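J.: Okay, here's the structure, questions in a sec.
The values are calculated or read from the model by the stated rules, or taken from the named source; none is laboratory data. Keep in mind that what you see is a predicted model, and the values were worked out from it rather than measured. Here the Cβ is made from the backbone with ideal geometry for all residues, glycine too, and neighbour counts use every protein chain on show. All accessible areas refer to the heavy atoms of the entire protein, side chains included, with ligands and DNA or RNA removed. Shrake-Rupley method; radii C 1.70, N 1.55, O 1.52, S 1.80 Å.
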Amino acid sequence: WVVHKGGADMLDIYFSRLDKLYRTVEKTYRLPVKQVNVDSRFLAGQWEDAKNILWLATDVGLFALDPSQTDEKKMWKHWKNIPGDNSSLSADKLISICPDPREPQKYLWLGTRGSGFNRFEMATGKVIRFSEKDGLANNVAYDILPDDLGHLWISTNMGLSCFTLPSKEFPKGRFRNFTEEDGIAGNEFNSYTGKKLLTGELLFHGVKGTTWFNPSEVLQQQDTVPINFISLSVNNKLLQWEKDSSVINGNIAYSNQITLTYDQNIFSISFSSMDFRNAKGRLYSYRLEGFDKDWTEPSTQHTVTYTNLNPGTYTFYVKGSNTDGKWNEQGSSIRIVIVPAWYQTWLFKIAVILLVAGGIYAFYRYRLKQALKLQAIRNNIASDLHDEIGSTLSSISISSAVIRKKMNSDSPEASNLLSQISTNTDNMMEAMSDIVWAVNTKNDHFENVVNRMRAFAIEILEPENILLNMHVSPKLDQVVLNMQQRKNLYLLFKEAINNIAKYASCKNVWVDLDMHAGKICMKVKDDGKGFSTSSPGNAQEPILGGNGLNNMQKRAGELNGKLKIDSAVGKGTEIILEFPA
C-alpha cells in the first residue's frame, strides 16, 4: 500500500506489489473526504488484516477499506467521535494504530493527540477508552507498540507507559509508567518514531534522545529491598547522634532505641526503601505500637511526625515496597522510650493517692467523731429532760392532785385552777415524752418509729372501740430517719389519729406505710362520716379551720413532702403524706 498526494489537495492510496524490484500500480482508491490539511500528516498509520481490509488512522477518524467490494459506498467505512457516546472514539485526531497482540483480527489500539488511546472492536465499532485517569502517563499517545510478552508500550509527553491488557487478574488492565528517573532518555517523545526490532527490542525517539530497551529485562521484577531509617528530628531540630547521644547512641540506621524526655514532645522519623530506581513507585505503610490501632494505608510518604505522646514505651514499625510493587513485609522497627516527668511517675501518683486517701480517712474520722459527739449530746439531753424536767412535772401534777383532794368544796375557783394545772402538767409531760423520744439516738431506726406510732394509735383508738389495721412494707426495714424527720412524721401521725378519735365517728382505721421511687408514703384512712372539703361548718371543721391542718401542713413542708386530705360526706377521710427518704 502506497499513500500519494493527489490533485486538488486529495489523498490517493495505491495498491501496489513489489515484483522483481519493479513497482506495479494495480489500482487507485480515493478517500471519501472532501478537503484535508496536507501540511500535516493526515494519515498517521495503517494496518492490513487477514481479510485484506486496510485500516487507516487519520486526522478525521478511522477508515476501513475493503478492496473486495465493487460498490464504492460499501467499500469504505468510517468511525468518528460521537459527543455523549462513550463507546465511540475519544477523538477524531488519531496519531497511531496497533493490532491487538493477542487477538489482532478482533481489536485495534488507536492513539489520539490529547484524548488517550482506545481499544476498537473491528466487528462492532465499539470502543473502550483509556486515559490519564486510568493510569496512562499522558493523554497524548504518540506510538503504540506491542512486545513479545503481550504488553503495549505507549510513548507520551510525560514518559513511557507499559499497559498490561485486560484479563481476569486485571479486568481494567494495568499501567506501569517510566520517566527519566527510571533511566529513559527523556519524558517527551516524538510522533511516528516508535519501532519494534526483529530482536524484540523496542525503540522510541524523543526530544532528548532515543530510548532503546528489551521489555523482558525492564519488566523483570526485583527482590524485596531493606527499609532503613534515615533521620530523626526532635522539636523540629535535626538530631546528630554525636551531639545528642542521650537521645540516640549511634547512627539511626543502626540504632534500636530512641530515648526522649517528656518535654521532647514533637519528633519526626524519616525512612526509605533501598531501591534506587523511581522514587514515585515506592510505597510505605507504618504503625506505632501502643498508639496506632492499625497500619496506615500505603503511600509515598516517607516521614512521619508524632506529637504529645504519653510517657511510656512504644515500637515504631515500617514496611515498604520496591518500584515493582513487591513488599518487604518484615520491614524495620525501632523502640521509642518517653521518660515521664517526676510528677508523672508511678511513685508520685501512688504518693498522691495515699495522701488523698489519708485526707479522706482523716476527714471521715473527724466527721464520725463529731457525729458521735452529737449523739452523746442528744442522749444527754434526752436523759436530762427525762430525769430533771420530767420528774419535776410529775411532782407538780401529783402535788396539785393532792391539794385538790384536801381542799373543801367551798373553794371551787381554786379547785378549777388546780385541775387546770394538773391538765397542763400532764400535757407538758406528754409533749416532753415525745421530745425525749425524738432526741434519743436509739430511736433513729424506722422500726422504733413504727412501734411508737402503733402504741399511740392503740392507746387512743381502743377506748373509742375503733379497730386499727396497720401495714408496714418490708422495704422500710433498713430506712434510718434523722431526728427532725422522725419527730415531724410521728407528730403528724399523732395529729391525724387524734382528729379521727375526736371527730370521725368511725369503726375502722387503716394505716399503710410503704416506699416507692425513693419516697416514703404514709396513708391514714377511716370509714367515718367524712366531710365536704368545699363546704365550711361541717362536723370536721376543727381539722380544716383550726391549728390541726396548719400544723400538719407545716410538718409536711419540713419533711420536703406533700400532704393530701381526701374526704367526702359519708365516705370517710384519707390523709396521704409523701416525702423523700
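J.: Just need a number here: residues in segment 213-246 that are exposed (fewer than 15 other Cβ atoms within 10 Å of the Cβ), under 30 Å from Thr199 (Cβ atoms) and without any contact (Cβ under 8 Å) to a residue 24 or more places away in the chain.
T.: Number satisfying all stated conditions: 2.
J.: Collect the residues in segment 174-186 that are assigned to a loop (DSSP other than H, G, I, E, B) and surrounded by fewer than 18 Cβ atoms within 10 Å (Cβ to Cβ), keeping them in residue-number order.
T.: Kept after step one, since they are assigned to a loop (DSSP other than H, G, I, E, B), are these residues of segment 174-186: 179, 183-186.
If the condition is that a residue be assigned to a loop (DSSP other than H, G, I, E, B) and surrounded by fewer than 18 Cβ atoms within 10 Å (Cβ to Cβ), then Thr179, Gly183, Ala185, Gly186 are the ones that fit.
J.: Could I ask something else about it? Please work out which residue is most open to solvent (accessible area, probe 1.4 Å), limiting yourself to segment 285-295 and to residues that are closer than 25 Å to Tyr262 by Cβ and in a loop (DSSP other than H, G, I, E, B).
T.: Looking at the filtered set, the residue picked out is Lys293.
J.: Same structure again: Suppose we filter Glu103, Glu132, Glu121 for residues that are out of contact with any strand residue (DSSP E or B) (no Cβ under 8 Å at 6 or more places or on another chain), within 26 Å of Lys77 (Cα to Cα) and without any contact (Cβ under 8 Å) to a residue 24 or more places away in the chain; which single one remains?
T.: Glu103
J.: Is one or more of the residues making up segment 247-266 of a type in the set (Asp, Glu) and open to solvent by less than 60 Å² (accessible area, probe 1.4 Å)?
T.: No, that holds for no residue.
J.: Only residues in segment 557-581 that are surrounded by fewer than 19 Cβ atoms within 10 Å (Cβ to Cβ) count as the first member; pair them with residues that are among the polar types (S, T, N, Q) and part of a helix (DSSP H, G or I), Cβ under 8 angstrom, at least 6 apart or cross-chain, and list the lot.
T.: Cβ pairs passing all conditions: Glu558/Gln484; Glu558/Asn488.
J.: Now for a separate question. Pick from segment 153-165 the residues that are among the polar types (S, T, N, Q) and crowded, with 22+ Cβ neighbours inside 10 Å: which of them is farthest from Leu219 (Cα to Cα)?
T.: Within segment 153-165, the match that is farthest from Leu219 (Cα to Cα) is Thr156.
J.: Select from segment 469-484 the residues that are open to solvent by 40 Å² or more (accessible area, probe 1.4 Å) and either in contact with a strand residue (DSSP E or B) (Cβ under 8 Å, 6 or more places away or on another chain) or not in a helix (DSSP H, G or I) (or both) and list them in ascending order.
T.: Asn469, Met470, His471, Val472, Lys475, Val480, Asn482
J.: Within segment 492-551, which residues are touching an Asp or Glu at 6+ places or on another chain (Cβ under 7 Å), modelled with pLDDT of 90 or more and open to solvent by 60 Å² or more (accessible area, probe 1.4 Å)?
T.: The answer is Lys507, Lys519, Lys523, Lys525.
J.: Give Phe267, Phe271, Phe229 a once-over and let me know the one that is in a strand (DSSP E or B), closer than 28 Å to Glu329 by Cβ and either touching a Leu at 6+ places or on another chain (Cβ under 8 Å) or of a type in the set (Ser, Thr, Tyr) (or both).
T.: Values: Phe271 fails: either touching a Leu at 6+ places or on another chain (Cβ under 8 Å) or of a type in the set (Ser, Thr, Tyr) (or both); Phe229 fails: either touching a Leu at 6+ places or on another chain (Cβ under 8 Å) or of a type in the set (Ser, Thr, Tyr) (or both).
Testing whether each residue is in a strand (DSSP E or B), closer than 28 Å to Glu329 by Cβ and either touching a Leu at 6+ places or on another chain (Cβ under 8 Å) or of a type in the set (Ser, Thr, Tyr) (or both) leaves just Phe267.
J.: Just to be sure, is Lys326 among the basic types (Lys, Arg) and at pLDDT below 90? Outline the logic, then answer.
T.: Details: among the basic types (Lys, Arg): yes; at pLDDT below 90: yes.
Criteria met by Lys326.
J.: Being within 35 Å of the chain's Cα centre (by Cα), open to solvent by 20 Å² or more (accessible area, probe 1.4 Å) and either among the hydrophobic types (A, V, I, L, M, F, W, C) or at pLDDT below 85 (or both) is the filter here; which residues of segment 267-284 pass it?
T.: Answer for segment 267-284, where residues must be within 35 Å of the chain's Cα centre (by Cα), open to solvent by 20 Å² or more (accessible area, probe 1.4 Å) and either among the hydrophobic types (A, V, I, L, M, F, W, C) or at pLDDT below 85 (or both): Lys280, Gly281, Arg282, Leu283.
J.: Among the listed residues Lys168, Lys195, Lys208, identify the single one that is of a type outside the set (Phe, Trp, Tyr), surrounded by fewer than 15 Cβ atoms within 10 Å (Cβ to Cβ) and within 26 Å of Val60 (Cα to Cα).
T.: Lys195
J.: Considering only residues of segment 306-332 that are surrounded by fewer than 17 Cβ atoms within 10 Å (Cβ to Cβ) and β-branched (Val, Ile, Thr), which is farthest from Thr296 (Cα to Cα)?
T.: My answer is Thr313.
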